[in-house]
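Notes follow once the structure below has been shown.
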Amino acid sequence: MTSKEENKVAKNEEKETFPLSPKEIGGIVLRTFKLLLDFAGVLIFLVALFGIGVGLGYVGSLFDNVTVPDTTQLVQEVSEVSRISKVVYSNGSLISEINSDLLRTPVEGTAISDYLKQAVIATEDETFESHNGVVPKAVIRAALGSIGLGSSSGGSTLTQQLIKQQIVGDAPTFTRKANEIVSALALERVMSKEEILTTYLNVSPFGRNNQGRNIAGAEEAAQGIFGRPAKDLTVPQAAFIAGLPQSPIVYSPYHSDGSFKADEDMAFGIERQKDVLYNMYRAGYLSQADYETYKAYDIKQDFIAPNPVTGDTKDYLYYEVMEEAEQAMYQYLVKRDQVSENDLKNDATKEAYTELAKKELSQGGYTVFSTVDKGIYETMQSVVANYGHVLDSGNTYVETGSVLIDNTTGAILGFIGGRDYASNQNNHAFDTERSPASTIKPLLAYGIAMDQGLIGSASILSNYPTNFSSGAPIMYGTSRGTGMMNLQTAIDQSVNIPAFWTYKMLRNAGVDAKAYMDKMNYHIPLYDIESVPLGGGVEISVLTNTNAYQALVSGGVYHKHYIVEKITAPDGTVVYQHEVKPVQVYSKATSSIMTQLLRQVVNSGFTTTFRSRLGGLNPQATGVDFVGKTGTSNDVNDVWLMLASPKVTLGTWAGNDDNSQMYVWTGYHNNSQYVAHIVDALYRINPSMFEGRFELDSSVIASSVVASTGQKPGTVQVNGRQVQVSGAMTTSYWAKNGAPVTTYKFMVGGTDSDYAQAWNSLFGTGQTPSQTPNDNNSTNQNSTNTSSSENTGASSENSND
């Protein structure tokens, strides 16, 4: 290579490696950035275009699924003024008309001020006279909303609002919106603008009047707020009324009791009125001079004085039926409108359908058939009115609640919500939640242990003195414990230590007690509290407790309580029908064994004088096969008596609303006498509901056991020597497995020291178990070993601790 060529190569290499200037670098960066922006813009445009297409396609698919309504029916539905709905007893006789709390007086269009019509059009739908029922941009908004670009609602015409109020509701779902749009287009083809506007003004909500009642329609609004007909409204008055439908309760000048709101709260409605006046000016209905004049006018001087209505005349029954009916109607409407689970995750949708359900029930002409028997309910009210004072003996005033349930369906046949609805609206049968005390023992401890095959009807349980883990002794009244006893005696006398040990046995065995209780909707916050089987840490309603006993005594099958049998539309169409859905909680064997044990609770008289007191009132009723359980919480704050016959279950609670202590004999004497009056009265009007007897199920396993151990004869090592355990025999009923052979630890619960004492009591001095003097009557032995029972007063069943 020549020197000339070498120089050329060197120059080229020098040129290629020379760094770019800052200006050149900046230019490259800007060009690159611009290319990226252009690309991003194109990409966003394509995505948006695709999204809009998807949204419009989705909305289009919704419209494809909408059926064009029959125009005759459509006109009828939008023009229909509210009809009276009612609640009836199971036999169809009237309980009450349903509170609509709504006043509405339809009038002709000529009876409505033109000022009001102008104000409504200017504010709600400025293009009302020109559109065909729907504004296209609202449909586009719905399409964009379907892909999350903006709102899917808003911008409704007056026609759409009328459809929404009268037919489809205002749930924020696309299906509802599609129905609304199609119906609005159809309505505009068969009704004139004047007819649509008049109908809108006759049905729209306008808040509250001076009595505190809800009002709808222009006439009631004019009369209830300004005391004049709708045709005579002034411009400021018309503007105020026209502003109300956006938020009727907020803008109303009156509270629910009919009194005036405070100035700061009333200001919302007045500001809204001024907005309406401006809309009228903007739309050309008012000159600027008139607008300024009317805006300065003090509308408060035109509001008529408050005139509250008299108090509520409904009672516990009406409101309990309505609460369940509203839930049933909600489910019906959701199903009717095909609202998806995803839609219902939206709180606004749920709230809208909740309100629509209330509106439907109050204004739709429905009939709500309750399960409540008229004769039973009225009889129960008569008893509490005439004999409720029995509970007051030794007390100042005691409240009470009772529920009567049909065992085969869960239907509520009757109930007592309290002593006097007028003075105390708290429903003590459905809403008051208190400690179940010892009534929980057969449900949570003994029933589950029986169902798991861990105990039999003649099992022996420890009642030796013991403590909670805190060191506090487990008491039964003034007794710390006595020794051992069989299951029947433990239930009869409702002692606490045996239930404590039984539940501890379940826990140690890993038994899922919660699964049992949850099946009966018997919710317990914490299952690891030691006093739970005594009612500690548990609060339950009379309804829930009664329903649980219904399951325990009815073959172990739980039928969830209900008080609404069906709901029918004005034409007789059934829109809701209750379906019985049985849930097996305990086995049939467990249920039948527990009824045999609980029968003795009622008959023995240890914890209740109900049986003898009923005999004194009605000797014929003494033949009824009652089973049941008592309960008294700490310091006699609550007393319970749960009763059941084969067909019905009756639960009764008594206590003070402030949870204060009652007289010591309230449970044993007072409540027993009061419940005896209830059963006596019910028996006299319908003795057939108490027919039948509880029998052992064929699946029950009968085991012949040694009465003193509750287990089969066998050989046991005691104090280092083998002992043949035998003696007086008895039958023990088991739900599964059958009785085991006697072991050293034959009792449920107890410490090593307790077992040493137990075997010593069985041996006696130098005797074998088969020679024990008390073996021939274990029940008497166990009763003798118990130093206290509920016979000594209700405080002896100190269940919570």
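The values are calculated or read from the model by the stated rules, or taken from the named source; none is laboratory data. Small disclaimer: the values here were computed from a predicted structure and weren't measured. A quick note on method: Cβ atoms are made from the backbone with ideal geometry, for glycine too, and the neighbour counts reach across all protein chains shown.
Within the stretch 636-676, the only residue that satisfies the criterion of being farther than 24 Å from GLN596 by Cβ, aliphatic (A, V, I, L, M) and within 24 Å of the chain's Cα centre (by Cα) is ALA654. A single member of ALA422, ALA429 is in a loop (DSSP other than H, G, I, E, B), of a type in the set (A, V, I, L, M, F, W, C) and either within 18 Å of the chain's Cα centre (by Cα) or closer than 23 Å to ILE540 by Cα (or both), and it is ALA429. Across the stretch 508-521, the number of residues qualifying as part of a helix (DSSP H, G or I) and under 24 Å from LYS560 (Cβ atoms) comes to 7. As a summary of the residue check, MET380 satisfies the conditions (1) assigned to a strand (DSSP E or B); (2) closer than 30 Å to ASN670 by Cβ; (3) touching a Gly at 6+ places or on another chain (Cβ under 9 Å) except for the one numbered (1).
Scanning the stretch 139-153 turns up no residue that is at pLDDT 90 or above and out of contact with any strand residue (DSSP E or B) (no Cβ under 7 Å at 6 or more places or on another chain).
Residues in the stretch 336-347: is at least one surrounded by 13 or more Cβ atoms within 10 Å (Cβ to Cβ) and in a helix (DSSP H, G or I)? The answer is yes, given that some residue of the stretch 336-347 is surrounded by 13 or more Cβ atoms within 10 Å (Cβ to Cβ) and in a helix (DSSP H, G or I).
Selection of the stretch 666-703 for residues being closer than 25 Å to GLY375 by Cα and in a loop (DSSP other than H, G, I, E, B) yields ASN686, GLU691, GLY692, ARG693.
Tell me, which helices (runs of 4 or more DSSP H) wholly within the stretch 235-320 include 1 or more residues that are in contact (Cβ under 8 Å) with a residue 40 or more places away in the chain, more than 30 Å from VAL87 (Cα to Cα) and under 35 Å from the mean Cα position of the chain (by Cα)? Qualifying helices (runs of 4 or more DSSP H): 248-251.
Do you know which residues across the stretch 90-135 are free of Cβ contacts under 8 Å to residues at least 24 places away in the same chain and of a type in the set (Ser, Thr, Tyr)?
Correct list: SER130 only.
Looking across the stretch 440-459, the residues that are among the polar types (S, T, N, Q) and buried (at least 24 other Cβ atoms within 10 Å of the Cβ) come down to SER457, SER459.
So if I check each of SER698, SER688, SER703, SER672, which one is hydroxyl-bearing (Ser, Thr, Tyr), closer than 25 Å to SER554 by Cα and touching a Gly at 6+ places or on another chain (Cβ under 6 Å)? Only one candidate passes the filter, namely SER703. Where residues in the stretch 168-187 are within 10 Å of VAL339 (Cα to Cα) and part of a helix (DSSP H, G or I), which of them is modelled with the highest pLDDT? Checked the stretch 168-187; the qualifying residue modelled with the highest pLDDT is THR175.
Matching residues to (1) assigned to a helix (DSSP H, G or I); (2) touching a strand residue (DSSP E or B) at 6+ places or on another chain (Cβ under 9 Å):
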position: LYS441; (1), (2): yes, yes
position: GLY447; (1), (2): yes, no
position: LEU454; (1), (2): no, yes
position: SER457; (1), (2): no, yes
position: PRO465; (1), (2): no, yes
position: ILE491; (1), (2): yes, yes
position: THR502; (1), (2): yes, yes
position: LEU506; (1), (2): yes, no
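Within the option set THR379, THR371, being in contact with a Ser or Thr (Cβ under 6 Å, 6 or more places away or on another chain), of a type outside the set (Asp, Glu) and either at negative phi or touching a residue at least 12 places away in the same chain (Cβ under 8 Å) (or both) holds for one residue only, THR371. Screening the candidates MET747, MET729 for the property of being of a type in the set (A, V, I, L, M, F, W, C), buried (at least 19 other Cβ atoms within 10 Å of the Cβ) and either in contact (Cβ under 8 Å) with a residue 60 or more places away in the chain or within 29 Å of LEU552 (Cβ to Cβ) (or both) yields one hit, MET747.
Is one or more of the residues making up the stretch 369-384 among the small types (Gly, Ala, Ser), surrounded by fewer than 23 Cβ atoms within 10 Å (Cβ to Cβ) and modelled with pLDDT of 95 or more? Yes, some residue in the stretch 369-384 is among the small types (Gly, Ala, Ser), surrounded by fewer than 23 Cβ atoms within 10 Å (Cβ to Cβ) and modelled with pLDDT of 95 or more. Pairing residues of the stretch 495-510 that are within 13 Å of TYR527 (Cα to Cα) with residues that are surrounded by fewer than 24 Cβ atoms within 10 Å (Cβ to Cβ), at Cβ distances under 6 Å and at least 6 apart in sequence or on separate chains, gives PHE500/ILE474; LEU506/ALA513.
Exactly one residue out of ALA509, ALA472, ALA515 is surrounded by fewer than 22 Cβ atoms within 10 Å (Cβ to Cβ), under 26 Å from the mean Cα position of the chain (by Cα) and either over 22 Å from LYS745 (Cα atoms) or modelled with pLDDT of 95 or more (or both), and it is ALA515.
The listed residues are TYR294, TYR316, and the only one of them that is closer than 30 Å to GLU360 by Cβ and crowded, with 19+ Cβ neighbours inside 10 Å turns out to be TYR316. Tell me whether the stretch 605-615 contains one or more residues that are among the aliphatic types (A, V, I, L, M) and closer than 20 Å to ASN547 by Cβ. No: the stretch 605-615 contains no residue that is among the aliphatic types (A, V, I, L, M) and closer than 20 Å to ASN547 by Cβ. None of LYS560, LYS566 is in contact with a strand residue (DSSP E or B) (Cβ under 8 Å, 6 or more places away or on another chain), touching a residue at least 60 places away in the same chain (Cβ under 8 Å), surrounded by fewer than 24 Cβ atoms within 10 Å (Cβ to Cβ) and part of a loop (DSSP other than H, G, I, E, B) except LYS560. Note on the stretch 385-411: among residues that are among the charged types (D, E, K, R) and surrounded by 18 or more Cβ atoms within 10 Å (Cβ to Cβ), the one that is nearest to the chain's Cα centre (by Cα) is ASP406.
The set of residues in the stretch 533-549 that are more than 19 Å from the chain's Cα centre (by Cα) and either of a type in the set (D, E, K, R) or surrounded by 24 or more Cβ atoms within 10 Å (Cβ to Cβ) (or both) comprises PRO533, LEU534, GLY535, TYR549.
For the stretch 570-594, what are the residues that are in contact with a strand residue (DSSP E or B) (Cβ under 6 Å, 6 or more places away or on another chain), closer than 29 Å to GLY453 by Cβ and assigned to a loop (DSSP other than H, G, I, E, B)? Passing the criteria: PRO582, VAL585.
Is it the case, given these coordinates, that ALA325 is touching a residue at least 12 places away in the same chain (Cβ under 8 Å), in contact with a Leu (Cβ under 9 Å, 6 or more places away or on another chain) and either buried (at least 20 other Cβ atoms within 10 Å of the Cβ) or closer than 22 Å to VAL203 by Cβ (or both)? Yes, satisfied.
Number of residues in the stretch 647-679 that are surrounded by fewer than 20 Cβ atoms within 10 Å (Cβ to Cβ) and within 27 Å of THR409 (Cβ to Cβ): the value is 1.
Taken over the stretch 105-123, residues that are surrounded by fewer than 21 Cβ atoms within 10 Å (Cβ to Cβ) and charged (D, E, K, R) amount to 2. ILE524 meets each of the listed conditions (1) part of a helix (DSSP H, G or I); (2) within 17 Å of TYR549 (Cα to Cα) apart from (1).
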